[in-house]
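The values are calculated or read from the model by the stated rules, or taken from the named source; none is laboratory data. On a predicted model such as this, the values are computed, not experimentally measured, just so you know. Cβ atoms come from the backbone with ideal geometry, glycine included; neighbour counts cover every protein chain shown.
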Amino acid sequence: MIADRQDACAHNNAFWCNAVLKAAGAKTEFHNGHWIAREKSLPLYPNMVTLTASPGADVYENLETLPEGAAVKDSFDSLDLAPIGFEKLFSGTWLFRKAKTDKRPPIRPDWHKVAHGEALKKWLAAWNSNDQLHGVFSSRLLKNRSIDFAAISKDGQLKAGAVFNTGPKLDGKEVVGLTNMFCRRNWRYSALQELLEPYGHKPVCTYETDDALLPVYRQLGFEDCGKLSVWLKSGT
């Protein structure tokens, strides 16, 4: 049962992490208070996402099974994992925007979804110059109907992109998650505005770790709805 906006943010992010890790071959499981991926880790992605501010004992049992270097996303910034061998990497702010309209907006001609492997390679090159990270996103994700790799092209060049994933429902509407956004330098407001246009009829959630960028999201109608933190299991 999804109780509020932060709850929806946590579940949406867990759905996205589950899709990425599962496509990479990890064994994944949803429990009452957390999601976990076993036997495989990926750069930039956690092996656990908490789904409640007060997880049960099974969370701590599963934390012990995670390998060194595994990350945990504490979706409610409510845990102190230092005593059990984790180091806090960073904190962030959950952001939520209500649906702006009841009707599905038209899609502008320069907005498109990545539909095949070759297009995904171009998207990945624009997303991150470190090609060692490109393997994080399996082309199998393109077959997942709850996920859109979106892009904005201008004059034949890829200028901005992001990933959108769907779920869960809050107040009867499916929540859409925004992640892995990239754009030309100093074009963030316009890029976000254009990337988000096709989802004006749905609530959208995301998170930001750079407080200096929060005003950009607020100008686009996002509101803060809680804190999160990410922990790394260090060697002992």
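Listed by first and then second residue, the pairs linking a residue in segment 199-217 that is more than 21 Å from Val230 (Cα to Cα) to a residue that is assigned to a helix (DSSP H, G or I), with Cβ atoms under 6 Å apart and 6 or more places separating them unless they lie on different chains, are Val216/Arg188; Val216/Tyr189. Across segment 195-223, the number of residues qualifying as surrounded by fewer than 18 Cβ atoms within 10 Å (Cβ to Cβ) and over 16 Å from the mean Cα position of the chain (by Cα) comes to 14.
Do we find that Thr28 is surrounded by fewer than 22 Cβ atoms within 10 Å (Cβ to Cβ) and in a loop (DSSP other than H, G, I, E, B) in this structure? The answer is no for Thr28. Checked across segment 132-153, the condition of being crowded, with 20+ Cβ neighbours inside 10 Å and more than 22 Å from Asn12 (Cα to Cα) holds for at least one residue.
When the criteria are applied in full, Leu142 meets the requirement of being over 20 Å from Thr101 (Cα atoms) and either at pLDDT 95 or above or among the basic types (Lys, Arg) (or both).
Residues that are more than 24 Å from Trp127 (Cα to Cα) and either under 14 Å from the mean Cα position of the chain (by Cα) or not basic (Lys, Arg) (or both) within segment 161-191 comprise Pro168, Leu170, Asp171, Gly172, Glu174, listed in sequence order.
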